[in-house]
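So the structure is just underneath, and the comments pick up after that.
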Amino acid sequence: QTIAREQLIAYLNTGSASSPVWSALGKRVEDSSMEMDWGDESKQDILGNVHSTMKKPVITQSFDPCNLDSGDSAISKVWKLAVHDQNAQALVAMDLLVVHLYAGTGGAAFAERYPASMVKPTGLGGEGGGSIEMPIDITYGGERQTGTAARSADGNVTFTPDGASASSN
């Protein structure tokens, strides 16, 4: 059985590092996937044997189109930092959480936290008579922390790092 796309969600921390508030990113995007560049290389030695190497992946994701929506706290934060403040330093230090809702047990899904990710708007505009769009490219970065995430009935997400108690964020 296939897994629904809605089971893989990227969240932007719209709170603080000590009290994160995880807001879904790309709510109105119809198609988005995480791309993994493993920096792979294959070489053939003088005997004809092939040897391959890989590095940890550089993970990127694009959200296009990404409509501005005043009720969307994630896109509002990105707009303020990018358009209003033009704060490049803040845009390369964003805290992101990827939740694999399809992988987990007992309501706790596998999650990856990337605390120093780049969130880069690549444009602003749109078609006349339509909505304003702000396409976004993400490069997940910082020290990857794995754990679990759970969504409460009201939609709030709590991340628990591996080895931490359930009350940790």
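The values are calculated or read from the model by the stated rules, or taken from the named source; none is laboratory data. Worth saying up front: this structure is predicted, and the values here are computed from it rather than measured. Every residue, glycine among them, receives a Cβ derived from its backbone with ideal geometry; neighbour counts consider all protein chains shown. Accessible surface areas use protein heavy atoms only, side chains included; no ligands, DNA or RNA. Shrake-Rupley method; radii C 1.70, N 1.55, O 1.52, S 1.80 Å.
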Checklist line | Enumerated strands (runs of 3 or more DSSP E) restricted to the stretch 1-69, each holding at least 2 residues that are within 16 Å of Ser117 (Cβ to Cβ) and under 15 Å from the mean Cα position of the chain (by Cα) | finding: 8-13, 22-24, 34-37, 58-63
Item checked: Matching entry among Val78, Val83 (being touching a Pro at 6+ places or on another chain (Cβ under 9 Å), more than 16 Å from Trp22 (Cβ to Cβ) and β-branched (Val, Ile, Thr)) -> Val83
Item checked: Conditions (1) of a type in the set (A, V, I, L, M, F, W, C); (2) in a strand (DSSP E or B); (3) in contact (Cβ under 8 Å) with a residue 12 or more places away in the chain; (4) open to solvent by less than 60 Å² (accessible area, probe 1.4 Å); number of the one not met by Ala74 -> (2)
Next item on the list: Answer yes or no: is there a residue in the stretch 140-160 that is within 19 Å of Gly26 (Cβ to Cβ), in contact with a helix residue (DSSP H, G or I) (Cβ under 8 Å, 6 or more places away or on another chain) and in contact (Cβ under 8 Å) with a residue 24 or more places away in the chain.
Entry: no
Check: In the stretch 138-153, what count of residues is obtained for those that are hydroxyl-bearing (Ser, Thr, Tyr) and either under 12 Å from the mean Cα position of the chain (by Cα) or under 21 Å from Phe63 (Cα atoms) (or both)?
Finding: 2
Margin query: Suppose we keep only residues that are aliphatic (A, V, I, L, M), open to solvent by less than 50 Å² (accessible area, probe 1.4 Å) and more than 16 Å from the chain's Cα centre (by Cα) within the stretch 77-127. Which one would you say is farthest from Phe159 (Cα to Cα)?
Written below: Ala82
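For (1) modelled with pLDDT of 90 or more; (2) among the small types (Gly, Ala, Ser); (3) out of contact with any strand residue (DSSP E or B) (no Cβ under 6 Å at 6 or more places or on another chain); (4) more than 30 Å from Gly125 (Cα to Cα), each residue gets a yes or a no:
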| site | (1), (2), (3), (4) |
| --- | --- |
| Ser42 | yes, yes, no, yes |
| Gly48 | yes, yes, yes, yes |
| Phe63 | yes, no, no, no |
| Asp85 | yes, no, yes, no |
| Ala88 | yes, yes, yes, no |
| Leu101 | no, no, no, yes |
| Thr105 | no, no, yes, yes |
Next item on the list: Output the residue which, of all residues in the stretch 1-59 that are among the hydroxyl-bearing types (Ser, Thr, Tyr) and free of Cβ contacts under 8 Å to residues at least 24 places away in the same chain, is surrounded by the fewest Cβ atoms within 10 Å (Cβ to Cβ).
Entry: Thr2
Check: Just to be sure, is Gly123 out of contact with any strand residue (DSSP E or B) (no Cβ under 9 Å at 6 or more places or on another chain) and either touching a residue at least 40 places away in the same chain (Cβ under 8 Å) or farther than 15 Å from Gln145 by Cβ (or both)?
Finding: no
